[in-house]
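Trainee: First the structure, then my questions, so here it is.
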């Protein structure tokens with residue numbers, strides 16, 4: 001037990017170190033990119049788009065995450081958090097019941113379960129928003145409660161426009177967890193209304209802008225589920241949290257009276273079903289994990305290209321001499337072959353590492369971050385001591401790849417996925433017994 005606890009502490013310290021190093025490396029990369037912008041001039045629009053994307057989706061979120069770890073409380077305060085650690089939407093609904101009962105109630109009330117955030121769904125919601133096409137299953141951005149993103153979300157599209165919609169995120173409460181005041185609930189939810197699409201005030205990301213009065217959306221959720229099934233009852237905890245006017249993680253103004261309705265769906269009947277694993281967001285492979293694995297593969301491809309160059313180029317080691325004389329052809333061939341073999345083995349190792357990262361191996365994730373950290377630190381020392389210059393033509397893409405690997409794999413979503421504990425399957429007999437009771 002003590003060994004396991006010591007290992008957890010060590011892993012936690014390593015993750016914190018990689019996380020902070022990733023933030024510092026991102027600042028350095030931003031500095032390098034700004035320097036390159038002066039050489040490229042204003043004609044390279046693509047470069048400035050790339051810089052905005054890096055600033056909005058990587059650098060500012062990482063800096064926010066580092067700072068909010070210090071000043072945002074880690075306990076339950078009635079607010080979800082963004083992936084950057086900023087306070088997000090208010091938690092304004094609680095529920096009692098099993099997951100099948102919750103799904104049955106929401107679907108009966110006319111709500112549609114949202115798709116997961118993937119490259120395909122992200123591309124579809126962008127095109128749907130631009131061309132005003134309906135996308136009733138459009139994904140919602142991840143918000144965090146209990147240190148994990150929502151288990152699932154439901155929404156109702158308005159006027160066939162994905163830019164406007166009712167939506168609500170759901171989190172399963174930890175076993176034995178109680179609300180402040182001792183109330184037992186199975187689920188917590190945060191419902192808001194998307195009124196338009198715009199830029200985040202804090203990170204400059206493109207995001208949905210929400211309606212300020214979140215109580216209207218909360219009441220809409222309650223009205224829809226109680227009207228859909230008369231067996232659903234509601235108890236309201238008045239003044240559960242102090243009414244406030246504040247902002248969410250996108251910078252939108254929000255206000256609430258602080259009341260918390262508890263929806264009781266335990267009397268809702270659902271058909272018996274086969275044993276299934278309860279929905280848990282930690283079991284879904286997150287985008288940062290896949291991006292990190294892809295970047296490691298890109299690093300391995302670079303190694304293969306280097307190995308091929310060594311083998312096919314005859315003058316790679318022409319400048320190396322022994323006692324003032326150049327290496328003889330046989331020695332040169334031996335040296336080239338040996339170096340190429342080492343680089344090839346490293347490339348194959350990177351492919352295996354990428355596959356293990358994709359499967360969710362925490363050890364592979366740590367090794368990949370370690371290799372990237374060593375590479376970044378060595379190149380940073382060379383750069384600041386004047387030993388080398390890093391530009392678009394020489395070295396910038398390699399440095400950027402290592403920094404992006406570090407940012408992706410040290411993110412909260414990648415860390416939670418690699419360290420997740422599987423949720424055990426719930427036998428059908430247990431679900432049926434709970435529903436019938």
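Where a number appears in this text, it was derived from the coordinates with a stated rule and is not lab data. These numbers were taken from a predicted model, which means no experiment stands behind them. Reconstructed Cβ throughout: ideal geometry from the backbone, glycine too, with neighbour counts over all protein chains shown.
Trainee: Given the options 183, 166, 208, which has the most mean-square fluctuation in a GNM of the chain, springs set between C-alpha atoms less than 10 angstrom apart?
Mentor: For the chain, modelled as a Gaussian network with Cα springs under 10 Å, the answer is 183.
Trainee: For each of 219, 89, 115, count neighbouring Cβ atoms within 10 Å of the residue's Cβ, then give the residues from fewest to most.
Mentor: Lowest to highest Cβ neighbour count: 219, 115, 89.
Trainee: Under the definition of Cα pairs under 8 Å and six or more residues apart, what whole-number percent is the relative contact order of the chain?
Mentor: Taking the mean separation of contacting Cα pairs over the length of the chain, I get 17 percent.
Trainee: Let me ask something else about it. Hey, in the GNM for the chain with a 10 angstrom Cα cutoff, which one of 69, 333, 112 fluctuates hardest?
Mentor: 333
Trainee: Which of 409, 33, 86 moves most in a GNM of the chain, Cα contacts under 10 Å?
Mentor: 33
Trainee: Looking at the square roots a ≥ b ≥ c of the eigenvalues of the Cα gyration tensor of segment 43-135, which shape do they give, rounded for a/c under 1.5, prolate if a/b is larger than b/c, or oblate?
Mentor: It is oblate, given that a/c is not under 1.5 and a/b is not larger than b/c.
Trainee: Hey, what angle do you get for helix 99-108 against the long axis of the chain, alpha-carbon based, 0 to 90 degrees rounded to 10?
Mentor: 70 degrees
Trainee: Please arrange 154, 417, 71 by how many other C-beta atoms lie within 10 Å of their C-beta, fewest to most.
Mentor: Placing the least packed residue first, the sequence is 71, 417, 154.
Trainee: Right, here's the next one. Compute the Cα gyration tensor for segment 77-279, then decide on rounded, prolate or oblate, letting a ≥ b ≥ c be the square roots of its eigenvalues: rounded whenever a/c is under 1.5, prolate when a/b is larger than b/c in the other cases, and oblate in all that remain.
Mentor: Note, shape of segment 77-279 comes out oblate.
Trainee: Quick check: from the Cα gyration tensor, does the chain come out rounded (a/c under 1.5), prolate or oblate?
Mentor: It comes out prolate by the Cα gyration axes.
Trainee: Taking the beta-carbon count within 10 Å as an exposure proxy, list 95, 406 from fewest neighbours to most.
Mentor: Fewest-to-most Cβ neighbours within 10 Å comes out as 95, 406.
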